[in-house]
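Have a look at the structure below, then the notes.
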Amino acid sequence: MIRRATPADAPALLALWRAAVEATHHFLTPADIDAIEAQMRGYLSSDTELWTAEMAGQPVAFMGLDGDEIVSLFVDPAVHRSGVGRALIDHALARGAT
């Protein structure tokens, strides 16, 4: 299920972000990730249009849109290659993203 993220989702999305970054951004040091995490807290509580994909009632991915542009996309490593990221991109395209 894809739905608009709410402020209550922020803790789960932040944990999901960290897991995704640690699994895929090997060029970042732990200190880099900690520093970026502080910025992500602000991003997740900003007015950015955030969409989340859920499985079994839990967020497993999220995407940020700025107008018609996808500005972020993070997928829980536990569901990599399941199509959830593609589903979010398709959702954005259906909403007019380019």
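What follows is calculated from the coordinates using simple rules that are stated; it is not laboratory data. Since the model is a prediction, treat every value here as computed from it, not as a measurement. No Cβ is skipped: glycine too gets one built from the backbone with ideal geometry, and neighbour counts run over all protein chains shown.
Every condition in (1) surrounded by fewer than 19 Cβ atoms within 10 Å (Cβ to Cβ); (2) hydroxyl-bearing (Ser, Thr, Tyr); (3) touching a residue at least 12 places away in the same chain (Cβ under 8 Å); (4) under 17 Å from Pro11 (Cβ atoms) holds for Thr52 except the one numbered (1). Tallying residues that are of a type in the set (A, V, I, L, M), exposed (fewer than 13 other Cβ atoms within 10 Å of the Cβ) and in contact (Cβ under 8 Å) with a residue 12 or more places away in the chain within the range 22-49 yields 0.
Restricting attention to the range 22-77, which residues are of a type in the set (S, T, N, Q) and outside any strand (DSSP E or B)?
Of the residues in the range 22-77, the ones of a type in the set (S, T, N, Q) are 24, 29, 39, 45-46, 48, 52, 58, 72.
Listed by number, the residues that qualify are Thr24, Thr29, Gln39, Ser45, Ser46, Thr48.
Taking only the range 1-21 into account, find how many residues are free of Cβ contacts under 8 Å to residues at least 24 places away in the same chain and not in a loop (DSSP other than H, G, I, E, B).
Quick first cut of the range 1-21, residues free of Cβ contacts under 8 Å to residues at least 24 places away in the same chain only: 6, 8, 11, 15, 18.
Retained after the next criterion (residues that are not in a loop (DSSP other than H, G, I, E, B)): 8, 11, 15, 18.
Final tally of qualifying residues: 4.
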